[in-house]
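J.: Right, I'll just put the structure down here and ask away after.
The values are calculated or read from the model by the stated rules, or taken from the named source; none is laboratory data. Nothing here was measured: the structure is a model prediction, and the numbers come from that model. Backbone-built Cβ (ideal geometry, glycine too); neighbour counts: all protein chains shown. Calculation scope for accessible area: heavy atoms of the full protein, side chains included, ligands and nucleic acids excluded. Shrake-Rupley method; radii C 1.70, N 1.55, O 1.52, S 1.80 Å.
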Amino acid sequence: MNRVRVGVQAEDPITLAGLTSFLKTRAELFVVANPAEADVIVFAADRVNAKILTDMRHSAQQWSMPRVLVTNELNPADVLGAVESRVVAVLPRTAATGSRLINSVIAAAKGGGMMPPNLLGELLKQVDYLQREVLTPKGLNASGLTSREVDVLRLMADGLDTAEIAQQLCYSERTVKNVVYGVTNRLNLRNRPHAVAYAMRVGAI
C-alpha cells in the first residue's frame, strides 16, 4: 500500500505536536517534516481569522497540494477564501475523530474532498454569485477563460498552428495571436503549451 505523505501545520505548537504524534501512528500515512514533500497538508487552527486565511493563502502559493482544515470556527463568508487556498476538506475540531481525519486525508490525496453541508451550501452560493455578478458580465466562465479563448486553445491542443486556427475560426492571424497573448498574460502562463495545459487542467477543453 502506498502511504500518503502528510505535512502538518498548526497555529500553536501544542496542537502541532499532538496532531503530528497522532498521524505518525497511522500505517497508511507518512508524516514529512518538509511540506514541499507532502501529498496533503493538514492545517489546524482553533478559529479561522484574517491572519489564518492569509497564512493559508501564502502557504498555497508555495505548495500546491490539497489541504485538510481542522478548525472550531470557519465563517461561512470565508469558505471560498479557504477553497482558494487549496482547502478541499473541512473538519470541525469537535467532530474530528481519528477515522474522519484519516478518511479526509486519503480523500484529499485522491482528488476528493469533504465539507460540512452548511459550508458546502455557502460555497455553492458564493460560486454562483461570482459566476453571475463577476465572471459572466466580463464574458468569462469558471475557468477564467472566455469562449473565444477556449475555442483557440482547443484548436491549439489539436495541433493547429496560428494560420490554421485563424482559418478555422474566421479570425485574422493577428486576432489569434492577441487572444493567445491575452490569456497567457492575464493568467501568468509561460507560453502556448502552458496555456493549453491550463485549459485542460481546469476542464475547459
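J.: Could you identify the single residue in Leu130, Leu155 that is modelled with pLDDT under 85 and either buried (at least 17 other Cβ atoms within 10 Å of the Cβ) or assigned to a helix (DSSP H, G or I) (or both)?
T.: One residue alone meets the criteria, Leu130.
J.: Report, ordered by the first and then the second residue, all pairs with beta carbons closer than 8 Å, sequence separation of six or more or different chains, a first member in the stretch 58-83 that is more than 15 Å from Glu11 (Cα to Cα) and among the hydroxyl-bearing types (Ser, Thr, Tyr), and a second member that is part of a loop (DSSP other than H, G, I, E, B) and open to solvent by 30 Å² or more (accessible area, probe 1.4 Å).
T.: Ser64/Arg86
J.: In this structure, is Val48 modelled with pLDDT of 90 or more, farther than 25 Å from Asn188 by Cβ and of a type outside the set (D, E, K, R)?
T.: So Val48 does not fit the description; no.
J.: Do we have Gly7 as surrounded by 14 or more Cβ atoms within 10 Å (Cβ to Cβ), in a helix (DSSP H, G or I) and of a type outside the set (Lys, Arg) here?
T.: On the way: surrounded by 14 or more Cβ atoms within 10 Å (Cβ to Cβ): yes; in a helix (DSSP H, G or I): no; of a type outside the set (Lys, Arg): yes.
Against the criterion (surrounded by 14 or more Cβ atoms within 10 Å (Cβ to Cβ), in a helix (DSSP H, G or I) and of a type outside the set (Lys, Arg)), Gly7 does not qualify.
J.: Among residues belonging to the stretch 81-97 that are open to solvent by 30 Å² or more (accessible area, probe 1.4 Å) and part of a helix (DSSP H, G or I), point out the one that is nearest to Lys24 (Cα to Cα).
T.: Result: Arg93.
J.: Separate question: Taking the stretch 184-193 as the region of interest, how many residues are touching a Ser or Thr at 6+ places or on another chain (Cβ under 8 Å) and surrounded by 14 or more Cβ atoms within 10 Å (Cβ to Cβ)? Walk me through how you get there before you give the answer.
T.: Looking only at the stretch 184-193, we keep the residues that are touching a Ser or Thr at 6+ places or on another chain (Cβ under 8 Å), and these are 190-192.
Okay, now just the ones that are also surrounded by 14 or more Cβ atoms within 10 Å (Cβ to Cβ), so 192.
Residues in the stretch 184-193 being touching a Ser or Thr at 6+ places or on another chain (Cβ under 8 Å) and surrounded by 14 or more Cβ atoms within 10 Å (Cβ to Cβ): 1 in total.
J.: Another question, if that's okay. Provide a single number: the residues in the stretch 100-124 that are charged (D, E, K, R) and farther than 13 Å from Val90 by Cβ.
T.: To start, the set of residues in the stretch 100-124 that are charged (D, E, K, R) comprises 100, 110, 122.
Now restrict to residues that are farther than 13 Å from Val90 by Cβ: 110.
Counting residues in the stretch 100-124 that are charged (D, E, K, R) and farther than 13 Å from Val90 by Cβ gives 1.
J.: Further, regarding this structure: Output the residues belonging to the stretch 190-205 that are of a type outside the set (A, V, I, L, M) and part of a helix (DSSP H, G or I).
T.: Arg192, Pro193, His194, Tyr198, Arg201
J.: Which residues, taken from the stretch 10-45, are crowded, with 19+ Cβ neighbours inside 10 Å, of a type in the set (A, V, I, L, M) and within 13 Å of Arg93 (Cβ to Cβ)?
T.: Leu19, Val42, Ala44, Ala45 - these are the residues of the stretch 10-45 that are crowded, with 19+ Cβ neighbours inside 10 Å, of a type in the set (A, V, I, L, M) and within 13 Å of Arg93 (Cβ to Cβ).
J.: Of all residues in the stretch 46-70 being of a type in the set (A, V, I, L, M) and out of contact with any Lys or Arg (no Cβ under 9 Å at 6 or more places or on another chain), which is surrounded by the fewest Cβ atoms within 10 Å (Cβ to Cβ)?
T.: Among them, the one singled out is Ala50.
J.: Pairs please, first residue from the stretch 100-112 and open to solvent by 30 Å² or more (accessible area, probe 1.4 Å), second anywhere and of a type in the set (Lys, Arg), Cβ atoms under 9 Å, 6+ apart in sequence or on different chains.
T.: Every condition considered, the pairs that remain are Ala109/Arg5.
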